[in-house]
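The values are calculated or read from the model by the stated rules, or taken from the named source; none is laboratory data. Everything numeric here is computed off the predicted structure, so don't read it as measured data. Cβ: placed from backbone, ideal geometry, glycine included. Neighbour counts: every protein chain shown.
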Amino acid sequence: MMLRLSILVAFVSVAFMSVAAKVIELLPDRSVTLDGYSRDEAQRRFSMSDIHEIEGIWRFVDDGSVMAIERFEPEELPDDDAVCYRIVVVKSPVRAIAPGSLMGYICPTAKKGVYDASVYTEFDGISGLHKPQKFYLELSDDGLLTFNRYREGIQLNLWRLIPYMFRYSVKRRSERPKGLDGCRRVYPEPLSVPLEPRYL
């Protein structure tokens, strides 16, 4: 019985990962602009539907920019029951980034409150947002959404190549702690967020 349950859990996890991988890989190389993403329009849509935990309007803590996270069905994945979200700019401190600019795609993982995402990380002032990078997002119960960048590729640890007697001369670089970059929910307020149905 336990073996069957373990196999089922592993199968579901792989299914979640493959769907997430498919969707976030569909993010175009450069951002497109979508209609209907003023603050009022987005808020009206959210108020008229049952929203998921991650859906809503969010404000970035560091620069005050506002974005909407909303469900969508990718045209490239027809007849798929996958739950997908897109991040769209509602207000930006940079005037050249228009409301409605696509910022990224999000998919849930098998762990509650944790999402895989592909998000644009650069703006060149001419052709919009570009250079998508992979992140995992963590949603807390108090209405905070943190962005954490995945580290990809091969890491070479030169520390192991240095003879023992010279190791004292090498300084290790300290990293900024995770969980400091992200946003706070603006709408709906954290205490009034409805939960999507949970299926067993």
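This table checks each residue for (1) at pLDDT 70 or above; (2) in a strand (DSSP E or B).
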site: 98; (1), (2): yes, no
site: 106; (1), (2): yes, yes
site: 116; (1), (2): yes, yes
site: 122; (1), (2): yes, yes
site: 138; (1), (2): yes, yes
site: 145; (1), (2): yes, yes
site: 168; (1), (2): no, no
site: 171; (1), (2): no, no
site: 184; (1), (2): yes, yes
Go through region 90-118 and count every residue that is over 12 Å from residue 70 (Cβ atoms), among the aliphatic types (A, V, I, L, M) and surrounded by 22 or more Cβ atoms within 10 Å (Cβ to Cβ). 1
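Condition first: polar (S, T, N, Q) and modelled with pLDDT of 90 or more. Now tell me which residues in region 124-136 satisfy that.
So the first thing to find is which residues in region 124-136 are polar (S, T, N, Q), and the list is 127, 133.
133 - this is the single residue of region 124-136 that is polar (S, T, N, Q) and modelled with pLDDT of 90 or more.
Yes/no matrix, rows are residues, columns are (1) buried (at least 16 other Cβ atoms within 10 Å of the Cβ); (2) free of Cβ contacts under 8 Å to residues at least 24 places away in the same chain; (3) out of contact with any Asp or Glu (no Cβ under 7 Å at 6 or more places or on another chain):
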position: 29; (1), (2), (3): no, no, yes
position: 35; (1), (2), (3): no, no, yes
position: 67; (1), (2), (3): yes, no, yes
position: 70; (1), (2), (3): yes, no, no
Selection from region 31-73 of residues that are in a loop (DSSP other than H, G, I, E, B) and small (Gly, Ala, Ser): 31, 36, 38, 49, 64, 65
